[in-house]
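Comments concern the structure below.
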Amino acid sequence: KAMRRTGFFLLSDKKMAENGLIFIRESVNADPKAPEGQLLYGYALGLFGQYGEGLKVLKNYQALAPDSHEADDLIVEFQGRTGSA
(Lines give C-alpha, C1' and ligand atoms only; values in the text may rest on other atoms or scores of the structure.)
Protein backbone atom coordinates (compact mmCIF):
# COMPACT_ATOMS: atom_id res chain seq x y z
CA LYS A 1 0.00 0.00 0.00
CA ALA A 2 2.78 2.41 0.93
CA MET A 3 4.68 1.62 -2.27
CA ARG A 4 1.74 2.36 -4.57
CA ARG A 5 0.84 5.55 -2.72
CA THR A 6 4.45 6.73 -2.81
CA GLY A 7 4.43 5.99 -6.52
CA PHE A 8 1.27 8.04 -6.98
CA PHE A 9 2.88 10.94 -5.15
CA LEU A 10 5.97 10.70 -7.38
CA LEU A 11 3.81 10.95 -10.50
CA SER A 12 3.20 14.62 -9.70
CA ASP A 13 6.91 15.48 -10.15
CA LYS A 14 8.06 15.44 -13.78
CA LYS A 15 11.57 14.41 -12.75
CA MET A 16 10.28 11.54 -10.62
CA ALA A 17 7.20 10.45 -12.57
CA GLU A 18 8.91 7.49 -14.22
CA ASN A 19 9.98 6.26 -10.78
CA GLY A 20 6.38 6.65 -9.66
CA LEU A 21 5.23 4.41 -12.49
CA ILE A 22 7.82 1.82 -11.47
CA PHE A 23 6.76 1.95 -7.81
CA ILE A 24 3.12 1.45 -8.72
CA ARG A 25 3.91 -1.37 -11.17
CA GLU A 26 5.98 -3.17 -8.55
CA SER A 27 3.20 -2.78 -5.98
CA VAL A 28 0.77 -4.36 -8.44
CA ASN A 29 3.20 -7.22 -9.04
CA ALA A 30 3.46 -7.74 -5.28
CA ASP A 31 -0.31 -7.59 -4.68
CA PRO A 32 -2.22 -8.05 -7.96
CA LYS A 33 -5.58 -8.42 -6.19
CA ALA A 34 -5.49 -4.96 -4.60
CA PRO A 35 -8.01 -2.85 -6.53
CA GLU A 36 -6.33 0.43 -5.59
CA GLY A 37 -3.09 -0.73 -7.18
CA GLN A 38 -4.83 -1.60 -10.44
CA LEU A 39 -6.60 1.76 -10.51
CA LEU A 40 -3.42 3.75 -9.85
CA TYR A 41 -1.41 1.70 -12.34
CA GLY A 42 -4.01 2.20 -15.07
CA TYR A 43 -4.03 5.93 -14.38
CA ALA A 44 -0.22 6.09 -14.42
CA LEU A 45 0.00 4.22 -17.72
CA GLY A 46 -2.32 6.80 -19.22
CA LEU A 47 -0.03 9.59 -18.08
CA PHE A 48 2.70 7.95 -20.14
CA GLY A 49 0.44 7.55 -23.18
CA GLN A 50 0.09 3.80 -22.78
CA TYR A 51 -3.68 3.83 -23.16
CA GLY A 52 -4.13 0.29 -24.48
CA GLU A 53 -2.21 -1.22 -21.59
CA GLY A 54 -3.96 1.16 -19.22
CA LEU A 55 -7.34 -0.11 -20.43
CA LYS A 56 -6.35 -3.70 -19.66
CA VAL A 57 -5.30 -2.72 -16.15
CA LEU A 58 -8.46 -0.71 -15.56
CA LYS A 59 -10.54 -3.70 -16.68
CA ASN A 60 -8.69 -5.71 -14.00
CA TYR A 61 -9.65 -3.00 -11.53
CA GLN A 62 -13.31 -3.29 -12.53
CA ALA A 63 -13.20 -7.06 -12.05
CA LEU A 64 -11.73 -6.62 -8.57
CA ALA A 65 -14.09 -3.80 -7.56
CA PRO A 66 -17.29 -4.33 -9.59
CA ASP A 67 -19.36 -1.91 -7.50
CA SER A 68 -16.90 0.96 -7.94
CA HIS A 69 -17.17 3.51 -10.72
CA GLU A 70 -13.91 5.35 -10.06
CA ALA A 71 -12.36 4.13 -13.32
CA ASP A 72 -15.34 4.82 -15.59
CA ASP A 73 -14.18 8.22 -16.85
CA LEU A 74 -10.62 6.98 -17.43
CA ILE A 75 -11.89 3.97 -19.36
CA VAL A 76 -14.00 6.17 -21.63
CA GLU A 77 -11.06 8.53 -22.17
CA PHE A 78 -8.63 5.69 -22.93
CA GLN A 79 -11.12 4.02 -25.28
CA GLY A 80 -11.44 7.28 -27.16
CA ARG A 81 -7.67 7.63 -27.42
CA THR A 82 -7.25 4.08 -28.71
CA GLY A 83 -10.27 4.13 -30.98
CA SER A 84 -11.87 1.23 -29.11
CA ALA A 85 -14.92 3.12 -27.84
ask   = Which of the trypsin sites (Lys or Arg not before Pro) across the chain are loop residues per DSSP, with 13 or fewer other Cβ within 10 Å?
value = Lys1, Lys14, Lys15, Lys33
key: Carbon + sulfur, % of accessible area of the chain - ligands and nucleic acids excluded, 1.4 Å   = 54
key: Whole-number percent relative contact order across segment 10-74, with pairs defined as alpha carbons under 8 Å at least 6 apart   = 24
note = Label model pair Ala65, Glu77: point-to-point distance (7 angstrom along the Cα→beta-carbon line) in nm is 1.6
task = Sort segment 1-40 into rounded, prolate or oblate with this rule: let a ≥ b ≥ c be the square roots of the eigenvalues of the Cα gyration tensor; rounded if a/c is under 1.5, and if a/c is not under 1.5, prolate when a/b is larger than b/c, oblate otherwise.
result = prolate
key: Helical mean residue ellipticity (222 nm; -39500 (n - 2.57) per DSSP H run of 4+; nearest 500) of the chain   = -22500 deg cm²/dmol
inquiry  = Give me the one-decimal nm value for the distance between modelled label points at Lys33 and Lys1, 7 Å along each residue's Cα-to-Cβ direction.
reply    = 1.6
ask   = Counting only the heavy atoms of the protein chains, how much of Leu55 is accessible to a 1.4 Å probe, in Å² to the nearest 10?
value = 20
remark   = So Asn19 and Gln50, fully extended at 0.36 nm per residue minus their Cα-Cα distance, gain in nm 9.6 nm
request  = Report, in whole Å, the centroid distance computed from the Cα atoms of segment 39-76 and segment 3-34.
outcome  = 14
ask   = Once you list every other residue whose beta carbon is under 11 Å from the beta carbon of Leu40, what net charge do they have if Lys and Arg are +1 and Asp and Glu are -1?
value = +2
query = Mind listing the Cα extents of the chain along all three principal axes, in Å, largest one first?
reply = 32, 25, 17
message = What do you get for chymotrypsin sites (Phe, Trp or Tyr not before Pro) in segment 21-85 restricted to DSSP loop and a cutoff of at most 14 other Cβ within 10 Å of the site's Cβ?
response = Phe48
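The values are calculated or read from the model by the stated rules, or taken from the named source; none is laboratory data. As the structure is a computational prediction, the values presented were derived from the model and not from experiment. Quick reminder, even Gly has a Cβ in these numbers, built from the backbone with ideal geometry, and neighbours come from all protein chains shown. With ligands, DNA and RNA removed, areas are computed over all heavy atoms of the protein, side chains included. Shrake-Rupley method; radii C 1.70, N 1.55, O 1.52, S 1.80 Å.
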